[in-house]
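Below is one structure, written out as structure tokens; comments come after it.
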Amino acid sequence: MTNQPFMTLEQMDAAADFVRAHSRHRPRIALILGSGLGGLADSVQNADVISYHDIPHWPQSTVEGHAGRLVVGELENHTVLVMQGRIHFYEGYSMSQVTFPIRVMQRLGIQILVVTNAAGAINPAYAPGDLMLITDNLNLIGMMGFNPLIGPNLDELGLRFPDMSQAYDRALMELARQAARERGILLHEGVYVGLSGPSFESPADLRFLRAAGSDAVGMSTVPEVIVARHGGMRVLGISGISNKANLDGNTTTSHEEVLEAGRVMVPKIEGILRGMLQHLP
Ligand code: HPA
């Protein structure tokens, strides 16, 4: 029953009304901060902070490294809504619950979504601490039957069969490249594959994922991006490479390693975001 419950329009609107009532700001850009990347929220000015606990119907994040609050405020002359900590499918929530925050964003009028995550490098050219611009994703979790759009289609929110040919917005990618160049930040480009987790991948899993064309692997993001695209948002995705995936079986991967790498990556992601926002009309 992991596909259910399906969240309703009334629940989305109750949550959106709550956020509107608790912030002076009317953001058009949203930012989701992945594992170990929550420190980015500290840069938001004139912030209104809303705990996930207080928002009606909002799922609670239970993972270390995810603060569990919305920070709404200003960054580089834009009004932004920052999710400091996300909800993962492996916590036991349904896909509809995992992506509920995206629906609330949609009801709030968010037009641009920037997703970040911590990911393991499958591409041997990537090192821990590097960043990867997500140019496309491999929806392995969806192929296994856990697409977040399974269930009744709410026609007010989007089409039954949305296109995913350009899930990641080309113009936003260009702004991110430009910002990285200007600041001398190395930005790889590649395909992110989304799995459920929570166990890390076996060497055989990783060889399979590599053969299937993926460059980085993680446990989030893809369901959020599908729902954001369904809802008509433009999306940009950046993976922070926290560890080398263990294709040969000779090294281990831990959550502590993922959080530690996050500290190195926060300033670089912040640089790219600031640069992008400066160039965004
Ligand atoms: N695998 C899956 N998810 C991850 C990893 C990984 O190696 N690192 C950070 N998130």
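I'd like the full set of residues that are among the charged types (D, E, K, R) and open to solvent by 20 Å² or more (accessible area, probe 1.4 Å), limited to segment 65-87.
Residues satisfying the conditions are ARG69, GLU74, GLU76.
Restricting the search to segment 124-160, which residues are more than 16 Å from the ligand (Cβ to nearest atom) and within 17 Å of ARG234 (Cα to Cα)?
Of everything in segment 124-160, those that are more than 16 Å from the ligand (Cβ to nearest atom) and within 17 Å of ARG234 (Cα to Cα) turn out to be LEU133, THR135, ASP136, LEU157, GLY158, LEU159.
Can you tell me which condition GLY271 does not meet? The list is (1) in contact with a Lys or Arg (Cβ under 6 Å, 6 or more places away or on another chain); (2) at pLDDT 95 or above; (3) over 30 Å from MET143 (Cα atoms); (4) of a type outside the set (Lys, Arg), and all the others hold.
Checking GLY271 against (1) in contact with a Lys or Arg (Cβ under 6 Å, 6 or more places away or on another chain); (2) at pLDDT 95 or above; (3) over 30 Å from MET143 (Cα atoms); (4) of a type outside the set (Lys, Arg), the one that fails is (2).
What number goes with the only condition from (1) more than 14 Å from the chain's Cα centre (by Cα); (2) among the hydroxyl-bearing types (Ser, Thr, Tyr); (3) under 21 Å from ALA41 (Cα atoms) that THR116 does not pass?
The one condition THR116 does not meet is (1).
Looking only at segment 26-44, which residues are modelled with pLDDT of 95 or more and open to solvent by 20 Å² or more (accessible area, probe 1.4 Å)?
Correct list: ARG26, ARG28.
Given the conditions (1) closer than 26 Å to ALA30 by Cβ; (2) open to solvent by 10 Å² or more (accessible area, probe 1.4 Å); (3) of a type in the set (A, V, I, L, M); (4) within 16 Å of the ligand (Cβ to nearest atom), and given that LEU175 satisfies all but one, which numbered condition is not satisfied?
(4)
Which numbered condition in (1) surrounded by fewer than 16 Cβ atoms within 10 Å (Cβ to Cβ); (2) in contact with a Phe, Trp or Tyr (Cβ under 7 Å, 6 or more places away or on another chain) is the only one that ALA15 fails?
(1)
Report, by residue number, each residue of segment 178-209 that is in contact (Cβ under 8 Å) with a residue 24 or more places away in the chain and closer than 24 Å to LEU280 by Cα.
Answer for segment 178-209, where residues must be in contact (Cβ under 8 Å) with a residue 24 or more places away in the chain and closer than 24 Å to LEU280 by Cα: GLN178, ALA179, ALA180, GLU182, ARG183, ILE185, LEU186, LEU187, HIS188, GLU189, GLY190.
Read through the list (1) within 12 Å of the ligand (Cβ to nearest atom); (2) crowded, with 16+ Cβ neighbours inside 10 Å, then give the number of the only condition that SER199 fails.
Result: SER199 passes all but (2).
Residue pairs, Cβ under 9 Å, 6 or more apart or interchain, first in segment 244-262 and under 17 Å from PRO124 (Cα atoms) and within 10 Å of the ligand (Cβ to nearest atom), second in a helix (DSSP H, G or I) and basic (Lys, Arg). List them.
Every condition considered, the pairs that remain are ALA245/ARG210.
So, in segment 86-123, of the ones that are within 14 Å of the ligand (Cβ to nearest atom) and assigned to a loop (DSSP other than H, G, I, E, B), which residue ends up nearest to ASN246 (Cα to Cα)?
In this case the residue turns out to be ILE122.
Scanning for something open to solvent by 20 Å² or more (accessible area, probe 1.4 Å), in contact (Cβ under 8 Å) with a residue 12 or more places away in the chain and polar (S, T, N, Q), does segment 149-169 turn up at least one residue?
No.
Is there a residue being more than 10 Å from the ligand (Cβ to nearest atom), modelled with pLDDT under 95 and surrounded by fewer than 22 Cβ atoms within 10 Å (Cβ to Cβ) anywhere in segment 220-242?
no
The values are calculated or read from the model by the stated rules, or taken from the named source; none is laboratory data. Please read these numbers as outputs of a predicted model, since none were measured by experiment. Glycine also receives a Cβ, built like all others from the backbone with ideal geometry; neighbour counts cover every protein chain displayed. Heads up: the accessible areas ignore ligands, DNA and RNA and are worked out on the full protein's heavy atoms, side chains in. Shrake-Rupley method; radii C 1.70, N 1.55, O 1.52, S 1.80 Å.
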